[in-house]
Amino acid sequence: MSTMSDYERIRLVILGGQGVGKSCLIKRFLFNTYCNKYRSTVEDLYNKEYDLGHMTLKVDILDTAGDLQFPAMRRLCLATAHAFLLVYSVASGPSFDSIKQCFEEIRENRNDYQDIPIVVAGNKLDLATTHREVAIEDVSEWVYCELPKLRVKILECSAKDDINVREVFRSFLTLSKILPKNDVFEANSGLKRRSSAYVSATSKGKRRAESPLLEKDKPSGSGSSNLEGVSQAKPRSRSLIRRASRKAKQQIRDAQVDDCNVS
């Protein structure tokens, strides 16, 4: 399997049991929102484009169901994933067993499972002081002792309190060597959406040497983004460029005429 840096488009598939907060993590990351109401997910797809300087990265984030009601759909998402996020709740022992089952599904469906970046995230860290049922030491023992040689990282986070959410998603870029380990991933730097002018050029197979300033993050999933963005550098229109070019040529011709008029 090629490294993820070879892809212009990657797919991140999120797996885990029911009610562990998979959708909440996505919405906290993309829209900086949180909702206490639980809604069962069948399959939701979010996509976004980022400018990493040396490449344009198109990311599909696939939010899957917490049960096994749709086996054909599940096999397809496992087969097409470039990375996996396994989510459990630190306040639920059975949810940890669920991600073990999810990993077995990955191993059964992907011969290259040891090369795929995997992040194991313990959500609901805000409940850890009073309701913790899963110790991070137990998760580490399972990953590093029973499942060696994986490209994996373990994190605890909280979608509710916005703890380590950005680090969870940043980990995929470091595991896949798209970003160096010491790079800082902030809301207003690092991953930025490209402006539409440059996206259309990229889709035609063209590469630009410049790295333009980009518009405010606007994920194309449902809802609107609340993430802080950066100021947009508005592309110059072709008509403006043509007018400037004609003006420059006229100035050159005038200068040449002046040089020839010797008194």
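The values are calculated or read from the model by the stated rules, or taken from the named source; none is laboratory data. Computed from a predicted model, the values in this text were never measured in an experiment. No Cβ is skipped: glycine too gets one built from the backbone with ideal geometry, and neighbour counts run over all protein chains shown. In case anyone asks, the SASA skips ligands and DNA or RNA and just uses the protein heavy atoms, side chains included. Shrake-Rupley method; radii C 1.70, N 1.55, O 1.52, S 1.80 Å.
Results for (1) open to solvent by 20 Å² or more (accessible area, probe 1.4 Å); (2) among the polar types (S, T, N, Q); (3) modelled with pLDDT of 95 or more, shown as yes or no for each residue.
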site: 156; (1), (2), (3): yes, no, yes
site: 179; (1), (2), (3): yes, no, no
site: 182; (1), (2), (3): yes, yes, no
site: 188; (1), (2), (3): yes, yes, no
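Taken over the stretch 98-119, the criterion of being open to solvent by less than 80 Å² (accessible area, probe 1.4 Å) and in a loop (DSSP other than H, G, I, E, B) is satisfied by 110, 112, 116, 117.
Applying the condition of being under 26 Å from residue 113 (Cα atoms) and at pLDDT 90 or above to the stretch 25-44 and asking which residue is surrounded by the fewest Cβ atoms within 10 Å (Cβ to Cβ) yields 29.
The set of residues from the stretch 120-130 being open to solvent by 10 Å² or more (accessible area, probe 1.4 Å), closer than 19 Å to residue 22 by Cα and either in a helix (DSSP H, G or I) or touching a helix residue (DSSP H, G or I) at 6+ places or on another chain (Cβ under 7 Å) (or both) comprises 125, 126, 127, 128.
Of the residues making up the stretch 69-97, those that are part of a helix (DSSP H, G or I), touching a Ser or Thr at 6+ places or on another chain (Cβ under 9 Å) and farther than 22 Å from residue 10 by Cα are 95, 96. Summed over the stretch 132-165, residues that are on the phi < 0 side of the Ramachandran plot, in contact with a helix residue (DSSP H, G or I) (Cβ under 6 Å, 6 or more places away or on another chain) and not aliphatic (A, V, I, L, M) total 8. For the stretch 41-57, a residue qualifies if it is closer than 18 Å to residue 77 by Cα and in a loop (DSSP other than H, G, I, E, B), and the qualifying residues are 41, 42.
Inside the stretch 158-177, residues that are surrounded by fewer than 17 Cβ atoms within 10 Å (Cβ to Cβ) and either under 17 Å from residue 12 (Cα atoms) or at pLDDT below 95 (or both) make up a count of 2.
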